[in-house]
Amino acid sequence: MTAEKYTFGLVSGRDCIILETKTVSLSEIFDSELTVSAVREIATAAGFNQACEFMVATAASELATNILRYAGTGILSVSLVRKMHTDTEGIELFACDEGPGIPDIGRAMQEQYSSQANSLGLGLPSVRNMMDEFFIESVVGVGTRVLVYKWKENSVS
């Protein structure tokens, strides 16, 4: 399959009803702050506690930073969602870019690995650890998509 004909399977709203969405186009470093603000607005309105709000905001900041650092531009959507079969509410982060892609996702998911010299290599592993569900899809030369969820039932009081 050639890069030009590749269609991503990972999409926002996976098995969920999207109740509210805020999408941030990322192209400048300050756009990362807009994603954090969007998370805080949605989390507060949905009644998530501060610890959960902080974890999701941190995950959003990491995803936005990765897009800006590795792809240059992209989009990050923050959504209030409800699971179709359990009515559990949560926050979904959906990050996508058309950057160089990740050649070895397994390696990228290892803590302290980075393809760039001035990076701690904690971004994607930290996002995976902070969130309840983590999905990633990447194709070299096409881009990367990351979809993560934090469910209200798992929010620490």
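The values are calculated or read from the model by the stated rules, or taken from the named source; none is laboratory data. No experiment lies behind these values; they were computed from the predicted model shown. Every residue, glycine as well, gets a Cβ built from its backbone with ideal geometry; the counts of neighbours run over all protein chains shown.
Does Thr7 qualify as being closer than 20 Å to Thr144 by Cβ and more than 17 Å from the chain's Cα centre (by Cα)? Yes. Every listed requirement among (1) within 13 Å of the chain's Cα centre (by Cα); (2) modelled with pLDDT of 95 or more is met by Ser27 save one, (1).
Kindly establish whether Cys96 is within 15 Å of Asp132 (Cβ to Cβ) and modelled with pLDDT of 90 or more.
On the way: within 15 Å of Asp132 (Cβ to Cβ): no; modelled with pLDDT of 90 or more: yes.
Judged against the criteria, Cys96 is not a match.
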